[in-house]
Amino acid sequence: MVRKALCLTVLSLLINSISLFGQQVPDITDIPEIENPAYQEEAGPKICIDTAHNNLHTLDRGFAPFGAYLKKDGYRLLSISDDFEEGISADCSILVIANALHESNLGNWTLPTPSAFSAQEIQHLQDWVSNGGSLFLIADHMPYPGANAELAKAFGFTFNNGFAMKQQQTWPPAVFSKMENTLKDLPITNDIDSVATYTGQAFEIPEGAVSVIEFGNDHYTLMPETAWQFSADTPQYSVEGWSQGAIMNFDNGKLAVFGEAAMFTAQIVESQNLKVGFTDPNAPQNAHFLLNVIHWLDPEFSKK
């Protein structure tokens with residue numbers, strides 16, 4: 001009975017969230033300034049954004065603020081529309097794959113959720129990182145974990161094709177902090193006290209990876225057959241100790257894996273005048289955290 005009541009409460013809250021967050025548009029009106037840019041304008045390494053895999057977040061859509069902010073740090077942003085069947089472009093210092101999706105799930109967020117990447121693409125990506133590449137892999141809530149699970153598995157990560165939720169959370173964001181030990185005290189978070197995320201997924205990390213954002217005992221995953229359709233029978237599990245963000249050295253390369261995308265950009269729900277992402281008052285350090293992640297991935301920055 002308790003579980004049923006909880007599920008129905010969550011269902012009600014998520015329906016309200018859908019009505020809000022289904023109307024998000026990029027917010028490029030208030031991009032934070034960077035006091036000491038890492039590079040002169042357009043002089044930094046190239047950050048390549050994948051657009052070849054039905055990605056929800058690209059530079060001309062949800063990641064427009066992501067790109068505008070990193071340009072202020074001197075980086076060059078490039079959209080790449082070719083798949084990885086022939087390998088990864090030599091132009092890419094950092095490759096960002098955000099919310100890739102198999103074509104069968106376009107407008108159809110229901111199981112099954114096949115891989116967005118072929119076996120050959122996954123092998124090329126694994127080899128590229130192993131040989132010194134830097135991959136920033138982001139996969140949000142279902143269906144995105146399913147579409148990216150095989151790619152994540154190549155590096156030892158186990159994605160959960162569900163929705164990571166906080167009990168009694170009326171709407172995102174969830175705030176992870178060093179005070180609660182849900183944001184880990186690491187060099188990558190050296191000057192960060194807290195970050196906020198907006199639902200997303202939970203995942204398990206392999207040996208050798210380091211959890212940056214870790215769920216406490218107040219979070220669980222809901223795993224519906226169709227996105228946003230929940231009932232008292234929807235499978236539900238605790239994700240205590242699982243990650244929503246992790247970093248890993250992989251042979252000669254680096255990998256940053258995150259289970260939520262909105263935290264790294266800025267969006268607004270126009271009908272509610274509600275900010276989401278790094279212009280949200282609940283997320284004052286998210287933009288700086290993005291910069292830390294990029295600097296950690298950037299092989300040139302580490303030489304400075």
Checklist outcome for this item: Zone reached by a paramagnetic label modelled 7 Å from Asn249 Cα along Cα→Cβ, restricted to region 131-167 with backbone N below 20 Å, covers 131-137, 155-157
Checklist outcome for this item: Computed ³J(HN,Hα) along region 135-148: with the Karplus parameters 6.51/-1.76/1.60, θ = phi - 60°, integer Hz and x for glycine or proline, the list is 10, 10, 9, 10, 9, 6, 5, 3, x, 5, x, x, 6, 10
Checklist entry - With a Cα-only, solvent-free Debye model of region 2-303, what are the log10 I(q)/I(0) values at q = 0.12, 0.16 Å⁻¹? => result -0.74, -1.41
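Output the pairs from Lys46/Lys178; Lys72/Lys153; Lys72/Lys304 with a Cα-Cα distance over 26 Å in this structure; if there are none, say none. List each step's numbers first, then the result.
Working: Lys46/Lys178 32 Å; Lys72/Lys153 34 Å; Lys72/Lys304 18 Å.
Check vs 26 Å cut-off fails for Lys46/Lys178; Lys72/Lys153.
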Checklist entry - So which trypsin sites (Lys or Arg not before Pro) in region 105-185 are both in a DSSP loop and have at most 15 other Cβ atoms within 10 Å of their Cβ? => result Lys178
Next on the checklist: Can you tell me which aspartates and glutamates have their Cα less than 19 Å from the Cα of Lys71? Leave out same-chain residues fewer than eight positions away.
Outcome noted: Asp27, Asp30, Glu33, Glu35, Glu41, Glu42, Asp50, Asp60, Asp91, Asp298, Glu300
Checklist entry - If the cut-off is 14 Å between C-alpha atoms, which aspartates and glutamates fall inside it for Lys184, apart from same-chain ones fewer than 8 positions away? => result Asp193, Glu214
Checklist entry - From the backbone phi of region 32-37, what are the Karplus-calculated ³J(HN,Hα) couplings (6.51 cos²θ - 1.76 cosθ + 1.60, θ = phi - 60°) in whole Hz, Gly and Pro given as x? => result x, 7, 10, 5, 10, x
Checklist entry - So what's the gap between the Cα centers of region 92-129 and region 276-304, to the nearest angstrom? => result 24 Å
Checklist outcome for this item: Spelling it out for Phe250: with amide H atoms placed in the peptide plane at 1.01 Å from N, the residues 5 or more places away or on another chain with amide H under 5 Å from its amide H are Leu255
Checklist entry - From the backbone phi of region 41-55, what are the Karplus-calculated ³J(HN,Hα) couplings (6.51 cos²θ - 1.76 cosθ + 1.60, θ = phi - 60°) in whole Hz, Gly and Pro given as x? => result 3, 6, 10, x, x, 8, 9, 9, 10, 5, 10, 8, 10, 6, 5
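Every number in this text was worked out from the coordinates using simple rules, so none of it is lab data. Worth saying up front: this structure is predicted, and the values here are computed from it rather than measured. Note: ideal-geometry Cβ built from the backbone for every residue, glycine included; neighbour counts use all protein chains shown.
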